[in-house]
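J.: Before anything else, here's the structure in question.
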């Protein structure tokens, strides 16, 4: 009987070990700046030809960037997102002089704001409402114009098309990187934030270069800069201009597998389960994602 019990215990211990290995167990994950990419610049996408709306958007962005308000909003909403996600040691932030509530009065005219709410601190859901840096920008724009906003939470890679096909005042405000492909569909505001792309992977196999993703299973959110970059790199190559003004081409092996997700949370679940090797994404949401996991 003791022998049978011992065998059963060994089997159970082996199963538990296999589960820890396959489910991630206590494995740590880290985000590392992609050393072979420059920063991505964020802008608000406006329907082509809507110069009046563009002027008002730029007025708010330019003022907030110049006086440091934009940085304060990024810090505030980053801490708030972490606090609401239950990150250990993070307290609820005080808004102080920052405006976080807007009164649209009796406004009837609407600015439609297309976004994707899984990208804190730029947009995330709090108490059933989408809030964040992008929403703050557009709230202020609407108040200045005597209008109100209507937020539409859509799939990220459809945002430029939604703005292009809109019939009234509409913007895409979702931490959108300014790219030539998107500029073919929409106009972009002034730059309000520059983001570093990072690679999220296991701490014991930390990856710091897009080139080092060659041959691996790489997770991205559909339509993001990470998606465009790794997809091009696995094709004919991704070309960017470095700080010296020289064009640099990044390529990875054709067998590199790009796995696309609607949300980063789904990609991270697959990373922990070992179904992908890394995630290519923006730095701030990566930090929040890992902080929540810890």
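J.: Kindly provide the helix-only [θ] at 222 nm of the chain, computed as the sum of -39,500 (n - 2.57) over DSSP H runs of four or more divided by all residues, to the nearest 500 deg cm²/dmol?
T.: After summing the helix terms and dividing by the residues of the chain, the value is -11500 deg cm²/dmol.
J.: Name all residues of segment 129-149 having a backbone nitrogen under 14 Å from the label point set 7 Å from the Cα of residue 55 along its Cα→Cβ direction, giving them as ranges.
T.: 145
J.: I need the calculated FRET efficiency for the pair residue 236 and residue 28, taking r as the beta carbon distance and R₀ as 41 Å, to the nearest 0.05.
T.: So the FRET efficiency works out to roughly 0.70.
J.: State, to one decimal in nm², a quarter of the convex hull surface area for the C-alpha atoms of the chain, i.e. the direction-averaged projected area.
T.: Projected over every direction and averaged, the Cα hull of the chain covers 19.6 nm².
J.: While we're on this one: Please give, to one decimal in nm, the separation of the simple spin-label points placed at residue 71 and residue 270, each 7 Å out from Cα toward the Cβ.
T.: Inter-label distance under the simple model: 3.8 nm.
J.: Full-extension gain between residue 244 and residue 83, please, as 0.36 nm times their residue separation minus the C-alpha to C-alpha distance.
T.: Separation in residues times 0.36 nm, less the Cα-Cα distance, equals 54.0 nm.
J.: I've got another one for you. Calculate the spin-label point distance for residue 94 paired with residue 164, positioning each point 7 Å from the Cα along the beta-carbon direction, and give it in nanometres.
T.: 4.8 nm
J.: Over 23 Å, how big is the tail of the calculated P(r) for segment 44-191, in percent of all Cα pairs?
T.: 33 percent
J.: Using alpha carbons only, how many degrees (0 to 90, rounded to 10) separate the axis of helix 51-67 from the longest principal axis of the chain?
T.: 70 degrees
J.: Then there's this: Nearest-5 percent of antiparallel DSSP beta bridges in the chain?
T.: Roughly 60 percent of the DSSP beta bridges within the chain come out antiparallel.
J.: Over the chain, what is the relative contact order in whole percent, taking alpha-carbon pairs under 8 Å and six or more residues apart?
T.: Contact order relative to length: 27 percent.
J.: Helix 69-84 sits at what angle to the longest principal axis of the chain, using alpha carbons and giving 0 to 90 degrees rounded to 10?
T.: 40 degrees
J.: Helix 2-23 versus the longest principal axis of the chain: what angle, 0 to 90°, nearest 10, using Cα atoms?
T.: 30 degrees
J.: Now for a separate question. Roughly speaking, what is the centre-to-centre gap between segment 120-170 and segment 199-263 when only Cα atoms are used, to the nearest Å?
T.: 29 Å
J.: For segment 44-191, what is the relative contact order in percent, using Cα pairs closer than 8 Å and at least 6 residues apart in sequence?
T.: 37 percent
J.: At 7 Å along Cα-to-Cβ for each site, give me the label-to-label distance between residue 206 and residue 39 in nm.
T.: 2.1 nm
No lab work stands behind these numbers, since they all come straight from the coordinates. Predicted model, so just to flag it, every value in this text is computed and none were measured. Ideal geometry is used to build each Cβ from the backbone, glycine not excepted, and the neighbour counts take in all protein chains shown.
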